[in-house]
Amino acid sequence: MAYPSFVVGIAGGTGAGKTTVSRLITQRVDDSVTRIPIDNYYRDLSHLDLEERAEVNYDHPDAFEWPLLREHLETLLSGNSVEMPQYDFEIHNRKEERKTVEPTDVIVLEGILALYDEEINDMLDLRLYVETDADVRILRRIERDVVDRGRDLEGVIDQYLSTVKPMHEQFIEPSKKHADLIIPEGANSMAINLLEEKLRNEVEGEGVRTWEREELERELAGERTADRDATATTE
Ligand SMILES: Nc1ncnc2c1ncn2[C@@H]1O[C@H](COP(=O)(O)OP(=O)(O)O)[C@@H](O)[C@H]1O
Ligand SMILES: Nc1ccn([C@@H]2O[C@H](COP(=O)(O)O)[C@@H](O)[C@H]2O)c(=O)n1
């Protein structure tokens with residue numbers, strides 16, 4: 001059983017390159033990294049029919065099942081596996097099947113609102129925001145949604161103007177203030193190389209989470225001060 005020692009959050013607007021960045025770093029560091037797409041935690045909308053589901057605002061925080069995501073992160077951090085839901089963009093709903101996810105040294109949590117929820121932010125050791133210009137993002141999204149997600153051009157444009165863009169401005173872009181680092185353009189090779197190095201260090205290191213390490217360092221600093229005080233009084 002592994003206890004994850006490092007959790008990375010990767011947020012950013014649609015089409016910014018979050019999935020590409022997280023896939024690249026996950027593949028490079030191999031089996032020691034688990035990728036959790038927040039899209040898998042879109043609420044189960046089986047009570048609605050397909051037409052109704054197509055009208056939902058999927059860029060508002062209420063579209064996600066935050067308690068389940070928090071619970072799954074906590075479970076992984078305590079060294080236990082979870083049954084992660086799987087999402088189907090073509091039917092706007094969760095799939096029937098779930099995927100068993102085992103805890104690994106590093107967890108990468110990726111999605112438009114990865115830096116939105118306060119409790120989740122507290123569980124992250126490194127917060128990244130992928131920043132790409134809106135015109136590039138919409139062009140990438142049109143191509144991806146038509147090719148991979150079963151959408152047509154008119155639908156992508158309508159959705160972008162009615163919900164995607166306003167929600168980006170209201171919730172996603174403001175979450176950038178929680179980021180430790182901003183990655184321009186998505187898969188830029190320098191950023192990927194640096195992240196790979198960082199994650200490799202975490203995987204090959206002692207496996208102590210950042211806050212635990214900080215606590216340890218504070219304790220050690222306290223002990224050193226106490227030792228100095230004791231030495232000074234005996235002199
Ligand atoms: N730096 C980049 N240069 C060119 N295309 C990119 C870059 N980063 C990502 N892409 C492409 O843009 C599209 C959207 O990227 P993706 O990673 O799915 O974005 P997100 O997960 O943020 O929505 C994909 O087709 C991907 O191959
Ligand atoms: N049924 C759904 C669910 C979500 N979306 C859109 O997906 C975007 C988030 O995924 P990215 O890979 O682009 O970050 C988000 O902007 C939603 O609008 C959807 O179209 N249909």
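Values as computed for the structure displayed
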| item | result |
| --- | --- |
| Residue within the stretch 16-31 that is surrounded by fewer than 21 Cβ atoms within 10 Å (Cβ to Cβ) and either within 16 Å of ASP117 (Cβ to Cβ) or away from ligand 1 (no atom under 16 Å from the Cβ) (or both) present | yes |
| Lone qualifier among TYR58, TYR87 - being in a strand (DSSP E or B), within 16 Å of ligand 1 (Cβ to nearest atom), in contact (Cβ under 8 Å) with a residue 12 or more places away in the chain and within 22 Å of GLY12 (Cα to Cα) | TYR87 |
| Filter result (in contact with a Gly (Cβ under 9 Å, 6 or more places away or on another chain) and of a type in the set (A, V, I, L, M, F, W, C)) within the stretch 1-59 | MET1, ALA2, PHE6, ILE10, ALA11, ALA16, VAL21, ILE36, ILE38, ALA54 |
| Candidates LEU199, LEU161, filtered to the one that is modelled with pLDDT of 95 or more and of a type in the set (A, V, I, L, M) | LEU161 |
| Residue count, the stretch 88-106 (criterion: surrounded by 16 or more Cβ atoms within 10 Å (Cβ to Cβ) and in contact with an Asp or Glu (Cβ under 6 Å, 6 or more places away or on another chain)) | 2 |
| Filtered residues of the stretch 2-20 (kept if more than 15 Å from GLU74 (Cα to Cα) and either assigned to a loop (DSSP other than H, G, I, E, B) or aromatic (Phe, Trp, Tyr) (or both)) | GLY13, THR14, GLY15, ALA16, GLY17 |
| Conditions (1) surrounded by fewer than 17 Cβ atoms within 10 Å (Cβ to Cβ); (2) in contact with a strand residue (DSSP E or B) (Cβ under 9 Å, 6 or more places away or on another chain); (3) among the polar types (S, T, N, Q): number failed by SER78 | (2) |
| Identity of the residue in the stretch 121-138, more than 16 Å from ligand 2 (Cβ to nearest atom) and not in a strand (DSSP E or B), that ends up surrounded by the fewest Cβ atoms within 10 Å (Cβ to Cβ) | ASP122 |
| Test set (1) in a helix (DSSP H, G or I); (2) away from ligand 2 (no atom under 16 Å from the Cβ) - ILE107 fails condition number | (1) |
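Conditions (1) in a helix (DSSP H, G or I); (2) touching a residue at least 60 places away in the same chain (Cβ under 8 Å), marked per residue:
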residue	(1), (2)
ILE25	yes, yes
THR34	no, yes
SER46	no, no
ARG53	yes, no
ASP62	yes, no
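The values are calculated or read from the model by the stated rules, or taken from the named source; none is laboratory data. These numbers come from a predicted model, not from an experiment. Because the Cβ atoms are built from the backbone with ideal geometry, glycine has one as well, and the counts that use them run over all protein chains shown.
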